[in-house]
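Participant: Input: one structure, supplied below.
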Amino acid sequence: MIPEGVKLEAKRRAHYQCVICRQTKFLHVHHILPQEAGGPATLDNAAPLCVECHDLYGGDPTKRKWCARRVTFGGRTARARSRTATTALLQKFDALQTTWQRAGARWRSSRS
Ligand SMILES: [Zn+2]
């Protein structure tokens, strides 16, 4: 069994959507690697799936891998997006600093 806290966090992380079809109804938190195969009851091994995808996904190891990839991919894109935002901000700051330095240099040369 997956602890309630882990289930909640898994759903929150997936924005309360099925990781395969993105629908938000009847979500079940499912083991990516089944318990029988030694899958731990941790967040990394928990994926929210709707009833339909849960049935489709079943015990198929190929789909299991695909499902795990969907989960990781979701996390990766979220991180990549925030990194891009930071980079854009730093670039703006750099440009601003260059403008200030140029303005300062102009001011100094006009005085000498
Ligand atoms: Zn689904």
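Participant: Sort out which residues of the range 46-63 are more than 10 Å from the ligand (Cβ to nearest atom), modelled with pLDDT under 85 and not in a loop (DSSP other than H, G, I, E, B), and write them in order of number.
Facilitator: Residues satisfying the conditions are Pro61, Thr62, Lys63.
Participant: Give the range 1-30 a look and list any residue that's assigned to a loop (DSSP other than H, G, I, E, B) and over 17 Å from His54 (Cβ atoms), or say none.
Facilitator: Answer for the range 1-30, where residues must be assigned to a loop (DSSP other than H, G, I, E, B) and over 17 Å from His54 (Cβ atoms): Pro3, His15.
Participant: Out of the residues in the range 101-112 that are modelled with pLDDT of 70 or more and not basic (Lys, Arg), state the one that is nearest to the chain's Cα centre (by Cα).
Facilitator: Top of the filtered list is Gln101.
Participant: Shifting gears a bit: Is it true that some residue in the range 31-45 is within 15 Å of the ligand (Cβ to nearest atom), modelled with pLDDT under 90 and outside any loop (DSSP other than H, G, I, E, B)?
Facilitator: No, the range 31-45 contains no residue that is within 15 Å of the ligand (Cβ to nearest atom), modelled with pLDDT under 90 and outside any loop (DSSP other than H, G, I, E, B).
Participant: Separate question: Sort out which residues of the range 11-20 are at pLDDT 90 or above and near the ligand (Cβ under 10 Å from one of its atoms), and write them in order of number.
Facilitator: Gln17, Cys18
Participant: Is it fair to say Thr24 is among the hydroxyl-bearing types (Ser, Thr, Tyr), within 16 Å of the ligand (Cβ to nearest atom) and at pLDDT 65 or above?
Facilitator: yes
The values are calculated or read from the model by the stated rules, or taken from the named source; none is laboratory data. Keep in mind the model is a prediction, meaning the values are calculated, not measured. Methodologically, a virtual Cβ is constructed for each residue, glycine included, from the backbone with ideal geometry; neighbour enumeration extends over all protein chains shown.
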